[in-house]
Amino acid sequence: MRPRPWPEPDPVIAAAIRSMYRGKRQPPLAVRVRDELGELFADAEFAAAFGAQGKPGWSPGRLALITVLQRVENLTDRQAAETVRTDLGWKYALGLSLEDPGFDSSVLSEFRSRVVAHGLEEKALDLLLVRLSGKGLIGAGGKQRTDSTHVIAAIRDLNHLELAGECVRAALEAISAAAPDWVARVLEVPGWAGRYRARADSWRLPASQAKREQLAIAYGTDAYALVEAVYAPFSPAWLRNLPAVQALRVMLVQNYIRVPGKGGREVVRRRRPLEDGGEGLPPARHRLTSPYDIDARWAAKGEDLYWNGYKVHISETCHTAAAAGAGAAPGQNIQDGRQVQQVGEVGEVQAPPVPPNLITNVATTDATVPDNQMTTAIHRAMARRGLLPAEHYMDAGYPCAEVLVASREEFGVRLVAPVLLDHSPQARAAGGYDRTAFTIDWDKRQVTCPQGHTSSSWSPCRQRGKDAIVVMFPATACKPCPVRPACTSGKRERRQLTVHPQPLQQALDAARAEQTSRDWLDKYKIRAGVEGTLRQAIAVTGLRRARYRGLPKVHLEHIYSAVALNLIRLDAWWNGHPLDRTRTSHLARLELAEVALAA
């Protein structure tokens, strides 16, 4: 691939489009993007993913734009390739002639694979944000908001028994395709053809528990036999590196063990949970759910949501309704295709509308990663692009004491998010003495209780991998205390208090106190708008269900979906019809009510 500038739009196509969209009719998004942003994705930016020798290939920059337009219209690869051949707007945007035959749809799949293999998943979003920064539509500071939603993997849901059988079948198929003669020459296990002829989820499993257990042991025995044959000295070493073989090994470790049986022979047995007196199962964040997507994981949220797949975090700029309407004034609208300026009755030109809310970052994880582990990673990605906000609005899943301090000190970002309240028995009792009733003297390393007694010990320690301080009060002061039932109900009959180190505890106390005020609740309403962005991503680009398998490709899909949403919003803004920023969903109003009640 030799990087070349994109050709200018074909004059014949340009004339046809001008004729079709005369007057007040707005041109389609693809045409507007080419007119406003020009050569958005230069070939040179993707050169690292393509070779310098061989048959000439299609322009990777134009393939990137095709992939974005594909997400705008939620098309399959075949539909996108056909649209390149037939749609004048796409030909205009790509600089293709009227007679250009396009390409085979498999080119798009190869392009995605190359981009993922060379770590260029975020290149398209980076290039768009750089271009918009140059136009003054986006920049550091201001306000941004972030939220996450679940993504269902492009695989079938399998139970433990189906997973075991399908892992063996997938490994057999992969080995048979890579070394056709090896299976017949090396493996001689009775019943294999019957057990692995069809997918494990395509036929009804035995209803009897005994027969299901027997089938599970057969799957485990076959898996051990297959792995031992692959790792035998007489087998090709490269067979061990097949992804399906590696998935089979992981499944064996997670679901089976071998124990000594009668006569000294090893017996295959299924792993059982610790609560059932077994050996224990790995945590959900490590458990394989399918041999075809080894990155997907089972996760749950609340009592109603349970899914197998991923989680995506979307961050966007946000502007208050007051800022959006600052230029509103009676009089005439002047439209230039980019913005609407309000002219007052006396002729003065008011400030133009603020730019649309634009997505600045997308992060994709497996389904088990908690939101609070992603806050710092999101800020680092924003810092890399030079787009850190001054205020970052999030829901209660993202902040914790460590994150509040790190965001302020490392990135200069103020988190506006409800932190979890004190759930100690005293705080829940409402009439008890919770942590806020005690005065901490950090210099003297002492705590004073509401009755004026000082602590007797101050012990720094580690709890659940984090620094903490355990404070104890003397029994001589607590036992005769008249308000002891409101302070502690412990068997030791004296109060114990656990606090964070000073910067963390002070940040947490300040956040808890602030979020109880009406001003904070009114300010926090702006976060609700990000739910509309998630809804738009799901409705327009099909974000809820992954198209591809594996975390890198799913993240690539999310990046191009974000670019598509940005172009949709920019197109509406260029046409003088910015999307509504003030809509608040019913779910958002419920969330605000819950925050107010918790406060």
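The values are calculated or read from the model by the stated rules, or taken from the named source; none is laboratory data. None of the values given here were measured: they were computed from a predicted structure. Note that each Cβ is placed from the backbone with ideal geometry, even for glycine, and that neighbours are counted across all protein chains shown. Heavy atoms of the whole protein, side chains included, go into the accessibility calculation; ligands, DNA and RNA do not. Shrake-Rupley method; radii C 1.70, N 1.55, O 1.52, S 1.80 Å.
Structure summary
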item	result
Tally, over the range 79-112, of residues that are part of a helix (DSSP H, G or I), polar (S, T, N, Q) and open to solvent by less than 50 Å² (accessible area, probe 1.4 Å)	2
Matching residues in the range 145-164 - criterion: being of a type in the set (Asp, Glu) and either part of a strand (DSSP E or B) or surrounded by 23 or more Cβ atoms within 10 Å (Cβ to Cβ) (or both)	Asp147
Residue within the range 489-503 that is among the aliphatic types (A, V, I, L, M), assigned to a helix (DSSP H, G or I) and over 22 Å from Asp147 (Cβ atoms) present	no
Qualifying residue in the range 18-27 (condition: in contact with a helix residue (DSSP H, G or I) (Cβ under 7 Å, 6 or more places away or on another chain), hydrophobic (A, V, I, L, M, F, W, C) and at pLDDT below 95)	no
Residue match in the range 131-144 (condition: within 17 Å of the chain's Cα centre (by Cα) and open to solvent by less than 50 Å² (accessible area, probe 1.4 Å))	yes
Unique match (being in contact (Cβ under 8 Å) with a residue 40 or more places away in the chain, small (Gly, Ala, Ser), surrounded by 12 or more Cβ atoms within 10 Å (Cβ to Cβ) and closer than 19 Å to Gly432 by Cα) among Ala507, Ala511, Ala486	Ala486
Number of the condition not met by Arg269 [criteria: (1) open to solvent by 80 Å² or more (accessible area, probe 1.4 Å); (2) in contact (Cβ under 8 Å) with a residue 24 or more places away in the chain; (3) within 19 Å of Ala170 (Cα to Cα); (4) not in a loop (DSSP other than H, G, I, E, B)]	(3)
In the range 530-572, the residues that are among the aromatic types (Phe, Trp, Tyr) and open to solvent by 20 Å² or more (accessible area, probe 1.4 Å)	Tyr548
Unmet requirement for Asp443, which otherwise passes all of (1) surrounded by 21 or more Cβ atoms within 10 Å (Cβ to Cβ); (2) free of Cβ contacts under 8 Å to residues at least 60 places away in the same chain; (3) assigned to a loop (DSSP other than H, G, I, E, B)	(1)
The range 43-63 - residue that is open to solvent by 30 Å² or more (accessible area, probe 1.4 Å) and among the aliphatic types (A, V, I, L, M) and, of those, farthest from Gly576 (Cα to Cα)	Ala52
Residues (on the phi < 0 side of the Ramachandran plot, in a loop (DSSP other than H, G, I, E, B) and free of Cβ contacts under 8 Å to residues at least 60 places away in the same chain) located in the range 18-46	Tyr21, Arg22, Lys24, Arg25, Glu39
Arg25 basic (Lys, Arg), within 18 Å of Ile568 (Cα to Cα), open to solvent by 30 Å² or more (accessible area, probe 1.4 Å) and over 34 Å from the mean Cα position of the chain (by Cα)	yes
Within the range 283-304, tally of residues that are part of a strand (DSSP E or B) and either open to solvent by less than 50 Å² (accessible area, probe 1.4 Å) or at pLDDT 90 or above (or both)	4
Residue identified as out of contact with any helix residue (DSSP H, G or I) (no Cβ under 8 Å at 6 or more places or on another chain), part of a helix (DSSP H, G or I) and either free of Cβ contacts under 8 Å to residues at least 60 places away in the same chain or aliphatic (A, V, I, L, M) (or both) among Ala15, Ala64	Ala15
So Pro206, is it more than 30 Å from the chain's Cα centre (by Cα), surrounded by fewer than 16 Cβ atoms within 10 Å (Cβ to Cβ) and more than 26 Å from Asn308 (Cβ to Cβ)	no
Matching residues, the range 177-190, being over 36 Å from the mean Cα position of the chain (by Cα) and surrounded by fewer than 15 Cβ atoms within 10 Å (Cβ to Cβ)	Pro180, Asp181, Ala184, Arg185, Glu188, Val189, Pro190
Boolean, Gln70 is assigned to a helix (DSSP H, G or I) and modelled with pLDDT of 90 or more	yes
Cross-chain or 6+ apart pairs with Cβ under 7 Å, the range 556-583 first and part of a loop (DSSP other than H, G, I, E, B) and modelled with pLDDT under 95, then among the polar types (S, T, N, Q) and open to solvent by less than 20 Å² (accessible area, probe 1.4 Å)	Arg581/Asn357
Close pairs (6 angstrom Cβ cut-off, 6 or more residues apart or separate chains): under 16 Å from Asp371 (Cβ atoms) in the range 290-309, open to solvent by 10 Å² or more (accessible area, probe 1.4 Å) and hydroxyl-bearing (Ser, Thr, Tyr) anywhere	Arg297/Thr368; Ala299/Thr368; Ala300/Tyr306
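Each row is one residue, and each column tells you yes or no for (1) open to solvent by 20 Å² or more (accessible area, probe 1.4 Å); (2) within 17 Å of Gly432 (Cβ to Cβ).
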residue: Ser455; (1), (2): no, no
residue: Cys481; (1), (2): yes, yes
residue: Gln496; (1), (2): yes, yes
residue: Pro501; (1), (2): yes, no
residue: Lys523; (1), (2): yes, no
